Amino acid sequence: MGTWGTGISSNDIYEDINYEFFELYNQGMEVSAITEKLIQENKELIDSHEDQNNFWITIAKSQWECKSLDPKVLNRIKDIVESGKDIELWKELDASQSDLTKRQKVLDSFLKKISNEKKTSRKRKVKKSRNAIFEKGDCLIFKLSDGDYCGVFVLESEKETEFGLNLIAVTDIKQSEKPTEKDFENAKLLFRLEQQINKEFKPKEQISWYYAQHFKKSETEFEKIGQLKVNKDYHSNKDHQSFSNWDNLKLFQDEFYSNFENNKCKNKVKLSSLRKKYWLQQRI
């Protein structure tokens with residue numbers, strides 16, 4: 001399911017579909033054509049019991065932003081919210097009562113919001129070239145809510161592209177003293193366990209792309225403490241197709257370590273292996 005919070009946007013599907021939707025929108029494609037394209041390309045999500053709600057919620061939110069919400073899509077959202085389907089799904093995934101209550105409030109608020117037409121349509125953004133915020137190989141640290149330092153590593157840095165994306169890997173570094181470049185040399189990639197609808201947990205590596213234009217809104221204070229060589233090239237159109245917000249780096253790890261015993265998994269992938277041209281992913 002790839003969910004880290006009760007919010008509408010707090011899941012991987014929202015991040016991916018929202019990104020694709022507005023990439024096409026900014027290219028001049030009509031909302032109806034974008035919707036049809038995404039439906040055709042995401043049949044697996046639509047047919048998935050655990051993923052379909054987030055898919056349609058994202059489509060509805062994106063259409064509403066463009067003042068083009070399809071009545072049929074709105075009716076889908078009404079059914080998801082008013083029938084309790086989404087809450088039942090969260091119950092199947094053993095969500096806490098607190099999260100169930102929060103999720104219901106989020107859904108009710110969302111339905112109320114999109115039931116009223118947006119006053120102005122989202123403007124199509126004129127494409128301009130951007131450079132990524134951080135350089136390839138940068139070792140970045142920031143503090144978690146408990147005061148410990150953690151470390152993330154920049155695998156790729158786009159230059160003169162529309163979004164100026166950084167590809168960032170979350171490491172297993174978490175310590176009270178400020179990490180050093182040596183700590184990054186010995187670090188491993190952080191995995192999280194994601195629960196599937198059949199109750200099975202599957203590990204997922206924490207690697208995502210981050211937009212240059214969203215960095216100014218981030219509240220997380222990053223510090224560069226070193227740089228390591230990266231021989232492998234990564235491309236945002238094919239490698240690690242996950243896109244996220246800068247503050248999610250901190251939000252995820254706060255949640256991950258608050259329930260570490262249930263979130264940890266046995267996957268062991270050295271950060272150094274991601275820096276090399278050839279990388280065999282280790283799976284359970």
Q. Which distance in Å, rounded to a whole number, links the C-alpha centroids of segment 259-273 and segment 197-229?
A. 15 Å
Q: Go through 204/238; 250/277; 188/276; 67/119; 174/224; 178/264 and tell me which ones have a Cα-Cα distance over 19 Å in this structure.
A: 250/277; 178/264
Q | For segment 1-127, alpha-carbon Rg and Dmax in angstrom | A | 14.4, 44
Q. Taking 1 over the mean of 1/r across every pair of different Cα atoms in segment 130-211, what Kirkwood radius in Å do you get?
A. 14.0 Å
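For the chain, what's the relative contact order in percent, using C-alpha pairs closer than 8 Å and at least 6 residues apart?
Taking the mean separation of contacting Cα pairs over the length of the chain, I get 17 percent.
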Q | Other-chain or far-sequence residues with amide H under 5 Å of residue 139's (modelled H) | A | 225, 226, 227, 228
Q.
Running a GNM on the chain with Cα contacts under 10 Å, which residue among 13, 141, 225 ends up with the highest mean-square fluctuation?
A. 225
Q | For segment 120-171: span of alpha carbons on each principal axis (Å, largest first) | A | 42, 29, 12
Q. How about segment 157-250: which trypsin sites (Lys or Arg not before Pro) there are in a DSSP loop, with at most 15 other Cβ atoms within 10 Å of their Cβ?
A. 159, 199, 229, 232, 238
Q. Which whole number in µm²/s is D for segment 168-284 by Stokes-Einstein, with the Kirkwood Rh taken over Cα pairs at 25 °C and 0.890 mPa s?
A. 156 µm²/s
Q: Stick to the Cα atoms of the chain, pair each with every other, and give me the Kirkwood hydrodynamic radius in Å at one decimal.
A: 20.2 Å
Q) Considering only protein heavy atoms and a 1.4 Å probe, what is the carbon-and-sulfur percentage of the accessible area of segment 185-234? A) 42 percent
Q. How large is ³J(HN,Hα), in whole Hz, for each residue of segment 33-50 in order, when computed from phi with the Karplus curve 6.51 cos²θ - 1.76 cosθ + 1.60 and θ = phi - 60°, using x for Gly and Pro?
A. 5, 4, 4, 4, 5, 5, 5, 5, 8, 10, 4, 5, 5, 5, 7, 7, 4, 8
**Q.** Portion, in percent, of the accessible area of segment 94-173 that falls on carbon or sulfur, probe 1.4 Å
**A.** 48 percent
(Q) Considering all alpha-carbon pairs of segment 96-139, what whole percent are spaced by more than 16 angstrom? (A) 69 percent
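The values are calculated or read from the model by the stated rules, or taken from the named source; none is laboratory data. Note that the structure is a prediction, hence the values are computed from the model and not measured. Note that each Cβ is placed from the backbone with ideal geometry, even for glycine, and that neighbours are counted across all protein chains shown. These accessible areas exclude ligands, DNA and RNA; they are computed on the full protein's heavy atoms, side chains included. Shrake-Rupley method; radii C 1.70, N 1.55, O 1.52, S 1.80 Å.
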